[in-house]
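Structure, as structure tokens:
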Amino acid sequence: MNRREAFAATVNHREPERVLVDYGKHIGSFHRLAYGRLRAHVPELGLPAEPAILDRMAQNIVLPEALCRRLGLDFRWIVPRWVGVTDVVIDGEPGYVDMWHTPHKWTDVGNYYAIAGQPLGSEGLTEAEIAAFDWPDPDQLAMPGTAGHTMFEGLAEQARYWCETSDYVVGADGIKVGILQTASQLRGYDKLFTDFALNPDLAHALLGRISAVINEMYRRYMAAVGRYVQVVVITDDQGTQKSLMVSPRMFRAFIKPYLKSLVETIKAAADVKVLMHCDGAIVPILPDLIEIGVDIINPVQTVVVGLEDTFALKEKFGDRITFHGGIDVQQVLPNATPESIRREVARRLYDLGRGGGYILAPCHNISFDVPPENVLALFDAAQELGRYPLQPPVD
């Protein structure tokens, strides 16, 4: 059974020969400082000192092929180009303005860029101002002063190469846009959620324009790579560590219809599975995500409310959705020993992988607080323990 056959079995809730292993997307890679530590730990791989930055905000990197092979990754990811970005200085610090006209400012605390303002955050925002906003153009070029690439230019060639010359599962990484995340970026969470309660027409005017832009981006994306990829990522965080950001009722009224439209847009354009990255305590809306056609849910954060018991999670939802992630980067990977990481991997494999329906991965970016030894312990354990029949962990 090759990797794509194993992927087909997995998402159809059948047991392949082994659990597939993934990493390297824009929400789920190595921070550049973590990569530097890992590179120094494995000099025999000859990894480049300055890999390409994958997500400018999070400062994570595009994984070099030699590292993908060392970690035993079964996926290869097509990455949309960053476009419409302008470098600026904000309060004396390096920054940039993205294609949504949102400013981001460098922070030394986490070695990443943080949002520094909301372009549509005025108290008296009107629907006319929303209509007149300079919305992103899916055909716009890369940042000024660089080569004139569009968002999806050249991606078809890479996708076709992997599709035709390997058995890797070829994925279309997310564009790093989402209905709620983009609306909150433009409006601010406080004002957006107030609009949900007091000015729903204004909220829908904003969400509808965002949805139209995102859907068109994904149509262009699928036109470029859809024939070569097996899975497509969308992102839209809905939860905190303890709860949803809004009630299930408000989610169903304001967010769900636009997510449904996006999933339908993607699946109408290509024969693919949709992987949704959705952080937080999202169990109350997991049936809604299944209903709208999400095939794979990431990240399965085991440190948040409702996701601690992965055995019970699998029992309740495992015949309807595939789980992706499950290996904690907040508490386990930074603090555990290699042996305890091995036990953690065994537990999540058994809990989530019974009967298929599980792709193992760290649940988010690996930051610079994770020892390189723990990184290797994770992926080595995945290769060793991930073959069917899966064995229950031994404490």
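Brief remarks on what is shown
- Which numbered condition residue 166 misses (of (1) closer than 17 Å to residue 119 by Cα; (2) over 18 Å from the mean Cα position of the chain (by Cα)): (1)
- Of all residues making up the stretch 213-242, the number that are more than 30 Å from residue 194 (Cβ to Cβ) and assigned to a loop (DSSP other than H, G, I, E, B): 5
- Verdict on residue 317 being more than 21 Å from residue 276 (Cβ to Cβ) and modelled with pLDDT of 95 or more: no
- Residue in the stretch 256-264 that is of a type in the set (Lys, Arg) and surrounded by 21 or more Cβ atoms within 10 Å (Cβ to Cβ) present: no
- Selected residue (only one of 202, 186, 180 is among the aliphatic types (A, V, I, L, M), farther than 22 Å from residue 26 by Cα and part of a helix (DSSP H, G or I)): 202
- Scanning the stretch 52-66 for residues that are within 17 Å of residue 96 (Cα to Cα) and among the acidic types (Asp, Glu) yields one hit, 55.
- Every condition in (1) under 30 Å from residue 200 (Cα atoms); (2) touching a residue at least 40 places away in the same chain (Cβ under 8 Å) holds for residue 273 except the one numbered (1).
This table checks each residue for (1) at pLDDT 95 or above; (2) in a strand (DSSP E or B); (3) in contact with an Asp or Glu (Cβ under 9 Å, 6 or more places away or on another chain); (4) of a type in the set (S, T, N, Q).
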{"position": "44", "(1), (2), (3), (4)": "yes, no, no, no"}
{"position": "51", "(1), (2), (3), (4)": "yes, no, no, no"}
{"position": "73", "(1), (2), (3), (4)": "yes, no, yes, no"}
{"position": "89", "(1), (2), (3), (4)": "yes, yes, no, no"}
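- Selected residue (only one of 297, 266, 285 is within 26 Å of residue 334 (Cα to Cα) and either touching a residue at least 24 places away in the same chain (Cβ under 8 Å) or not in a loop (DSSP other than H, G, I, E, B) (or both)): 297
- For the stretch 37-61, a tally of residues being surrounded by fewer than 20 Cβ atoms within 10 Å (Cβ to Cβ) and within 22 Å of the chain's Cα centre (by Cα) returns 5.
- Any hit, the stretch 196-211, residues being crowded, with 19+ Cβ neighbours inside 10 Å, farther than 18 Å from residue 154 by Cα and of a type in the set (Phe, Trp, Tyr): yes
- When 274, 283, 304 are screened for being at pLDDT 95 or above, closer than 21 Å to residue 21 by Cβ and buried (at least 16 other Cβ atoms within 10 Å of the Cβ), only 274 passes.
- If you go through the stretch 243-257 and keep only what is within 24 Å of residue 304 (Cβ to Cβ) and in a helix (DSSP H, G or I), you end up with 248, 249, 250, 251, 252, 253, 254, 255, 256.
Matching residues to (1) surrounded by fewer than 19 Cβ atoms within 10 Å (Cβ to Cβ); (2) modelled with pLDDT of 95 or more:
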residue	(1), (2)
65	yes, yes
82	no, no
99	no, no
137	yes, no
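- Scoring residue 187 on the criteria (1) within 18 Å of the chain's Cα centre (by Cα); (2) under 19 Å from residue 132 (Cα atoms) leaves a single failure, condition (1).
- Residue match in the stretch 74-85 (condition: within 18 Å of residue 368 (Cβ to Cβ), out of contact with any helix residue (DSSP H, G or I) (no Cβ under 6 Å at 6 or more places or on another chain) and not polar (S, T, N, Q)): no
- Close pairs from the stretch 362-380: first among the polar types (S, T, N, Q) and at pLDDT 95 or above, partner assigned to a helix (DSSP H, G or I) and surrounded by fewer than 19 Cβ atoms within 10 Å (Cβ to Cβ), Cβ under 8 Å, at least 6 apart: 367/33; 367/334; 374/334; 374/338
The values are calculated or read from the model by the stated rules, or taken from the named source; none is laboratory data. Note that this is a predicted model, so its numbers are computed, not measured. FYI the Cβ positions are ideal-geometry reconstructions off the backbone, even for glycines, and counts take in every protein chain you see.
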